[in-house]
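Beneath this line is the structure, given in structure tokens, with notes to follow.
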Amino acid sequence: MLVFGIDTSSTFISMGLVKDKNILGEISFPFSRESLGKWIPWLDFLLKECASEVEQIDAFACVSGPGAFTNLRLGLSSIKGLAFALKKPVASFSSLEIYAQRVPFPQIRVLIPSCKGSFFYSVYENHQQVFLPRFGSIEEILDDSSQKEIWVGPNQAEFLSLCVPANIQTIALPPTGSFVAAHALTNILSGKTIDAVSLQPEYWRVSRAQEKI
């Protein structure tokens, strides 16, 4: 099974191809409106490098949020169009879940930067979510934290520049479309997918433009 995975929830776009859990290739580049408009040529390049054709893609996998508002909206719109045109299923995941699944520690706190110094966050134990995602400032998150924790998040400026106590270990990870694709295989094989029309971003709060209305 050939799965195309993409993550546009942070300041980078990452797309990858996975076939039967084997990573065929991956491309990552900084997000911009211009670069997103050119992601189809990048997909063509990735397919060519992996000796594959777009018609051979069996399913799509993506990160639906939370994360950068514009990046998510434009990225998921592109995936919806491609999946709809090819009549292929989609498996989508929250960015919190994807980062939680990428580290081997028994308990972590995942933080996804939002705006104005705030974060979406949740705690995971053995890759299972402990509580529903919350939204708050670093001060609020620290008040909610235990004495010793591991924080995981994307390698973007808002997370990398965190000033936290010595008892907090931070791990910054780049987005990886191939991991999203590989993680989706179980859901796809068991039929836990949606159609392209049903795919929606997980914002969890209004955009800054909407806040001004």
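The values are calculated or read from the model by the stated rules, or taken from the named source; none is laboratory data. Here the structure is a predicted model, which is why all the values come from computation and not from measurement. Cβ: placed from backbone, ideal geometry, glycine included. Neighbour counts: every protein chain shown.
Can you tell me how many residues in the stretch 118-143 are out of contact with any Ser or Thr (no Cβ under 9 Å at 6 or more places or on another chain), surrounded by fewer than 19 Cβ atoms within 10 Å (Cβ to Cβ) and either under 14 Å from Ile108 (Cβ atoms) or not charged (D, E, K, R) (or both)?
Looking only at that region, the number is 5.
In the stretch 8-25, how many residues are modelled with pLDDT of 95 or more and acidic (Asp, Glu)?
0
Can you go through Ile57, Ile13 and tell me which one is over 17 Å from the mean Cα position of the chain (by Cα) and not assigned by TED's automatic domain parsing to the domain that holds Arg134?
Every option except Ile57 fails the conditions.
Condition first: of a type in the set (Val, Ile, Thr), part of a strand (DSSP E or B) and either surrounded by fewer than 16 Cβ atoms within 10 Å (Cβ to Cβ) or in contact with a Ser or Thr (Cβ under 6 Å, 6 or more places away or on another chain) (or both). Now tell me which residues in the stretch 148-170 satisfy that.
Ile150, Thr170 - these are the residues of the stretch 148-170 that are of a type in the set (Val, Ile, Thr), part of a strand (DSSP E or B) and either surrounded by fewer than 16 Cβ atoms within 10 Å (Cβ to Cβ) or in contact with a Ser or Thr (Cβ under 6 Å, 6 or more places away or on another chain) (or both).
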